[in-house]
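> The structure under discussion is supplied below as structure tokens; questions concerning it will follow.
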Amino acid sequence: MSQVEARVVLARLDYPEATWKDIGTMLSLSADACAHAHCRGVLALRVYVFTHRPDLIGGMQIIEAAFRRAEADTDESMTPEEQMAFSQIVVKRARGYSRRGWREALRSACQKVSRKLEMDDE
């Protein structure tokens with residue numbers, strides 16, 4: 001995640017009612033640049049949490065269960081590339097995994113799996 005993306009994501013968290021224009025003014029960016037940086041930053045943050053801090057979302061058991069639900073979902077099916085990237089990098093922790101397009105597949109897989117997470121509202 002770039003510094004700009006991190007600043008925009010943090011500003012959004014600190015000021016949830018602010019518009020992109022408001023955040024842009026705070027950070028000396030345009031509203032469009034803020035929205036773009038936020039979208040990119042959230043994707044990067046999601047991948048980071050799955051790959052480096054699974055404890056923040058309940059641990060590997062919860063992630064693996066969500067992955068199985070995502071694999072079985074026929075409405076928003078995961079591609080074989082997404083399944084392989086997530087399985088190798090997140091589940092099996094294979095740090096040396098490298099196939100053409102794996103970063104994009106991993107980002108997409110993390111998004112799909114995140115929708116299947118079942119977490120307590122406590």
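The values are calculated or read from the model by the stated rules, or taken from the named source; none is laboratory data. What you see is a predicted model, and the numbers here were worked out from it, not measured in a lab. Glycine gets a Cβ as well: all are built from the backbone with ideal geometry, and neighbour counts include every protein chain shown.
> So which pairs qualify, if the first residue must be in segment 70-93 and touching a residue at least 24 places away in the same chain (Cβ under 8 Å) and surrounded by 14 or more Cβ atoms within 10 Å (Cβ to Cβ), the second must be part of a loop (DSSP other than H, G, I, E, B) and not charged (D, E, K, R), the Cβ gap must be under 9 Å, and the two must be at least 6 apart or on different chains?
The qualifying pairs are A70/S77; A70/M78; E81/G101; A85/Y97; A85/G101; F86/M78; I89/Y97.
> Out of all the residues in segment 15-47, which are within 26 Å of K112 (Cα to Cα) and among the charged types (D, E, K, R)?
Result: D32, R40, R46.
> What number of residues in segment 47-86 are under 20 Å from R103 (Cβ atoms) and basic (K, R)?
Qualifying residue count, segment 47-86: 1.
> In addition: Going by the conditions given, is E118 over 12 Å from the mean Cα position of the chain (by Cα) and more than 25 Å from E5 (Cβ to Cβ)? Working first, answer last.
Numbers: over 12 Å from the mean Cα position of the chain (by Cα): yes; more than 25 Å from E5 (Cβ to Cβ): yes.
Taking the combined requirement at face value, the residue satisfies it.
> If the requirement is being assigned by TED's automatic domain parsing to the domain that holds V91 and within 19 Å of the chain's Cα centre (by Cα), which of these qualifies: G59, G41? Let's see the steps before the verdict.
Working: G41 fails: assigned by TED's automatic domain parsing to the domain that holds V91.
Matching residue, one of G59, G41: G59.
> Looking at R93, R99, R68, can you tell me which residue is over 16 Å from the mean Cα position of the chain (by Cα), charged (D, E, K, R) and under 12 Å from F50 (Cα atoms)? It would help to see each step written out before you state the result.
Values: R99 fails: under 12 Å from F50 (Cα atoms); R68 fails: under 12 Å from F50 (Cα atoms).
It is R93.
> Search segment 94-113 for residues being hydroxyl-bearing (S, T, Y) and more than 16 Å from S77 (Cβ to Cβ), and hand back the single one that is surrounded by the fewest Cβ atoms within 10 Å (Cβ to Cβ).
Just the residues of segment 94-113 that are hydroxyl-bearing (S, T, Y), to begin with: 97-98, 108.
Now restrict to residues that are more than 16 Å from S77 (Cβ to Cβ): 97-98.
Values: Y97: 14, S98: 11.
So, considering only residues that are hydroxyl-bearing (S, T, Y) and more than 16 Å from S77 (Cβ to Cβ), the one surrounded by the fewest Cβ atoms within 10 Å (Cβ to Cβ) is S98.
> Can you confirm whether segment 24-33 contains a residue that is of a type in the set (A, V, I, L, M), in a helix (DSSP H, G or I) and over 14 Å from S2 (Cβ atoms)?
Yes.
> Does R12 count as on the phi < 0 side of the Ramachandran plot, in a helix (DSSP H, G or I), in contact with a His (Cβ under 7 Å, 6 or more places away or on another chain) and outside the structural domain of V113 (by TED's automatic domain parsing)? I'd like the intermediate steps shown before the answer.
Values: on the phi < 0 side of the Ramachandran plot: yes; in a helix (DSSP H, G or I): yes; in contact with a His (Cβ under 7 Å, 6 or more places away or on another chain): yes; outside the structural domain of V113 (by TED's automatic domain parsing): yes.
Considered against the rule, which asks whether it is on the phi < 0 side of the Ramachandran plot, in a helix (DSSP H, G or I), in contact with a His (Cβ under 7 Å, 6 or more places away or on another chain) and outside the structural domain of V113 (by TED's automatic domain parsing), R12 comes out as yes.
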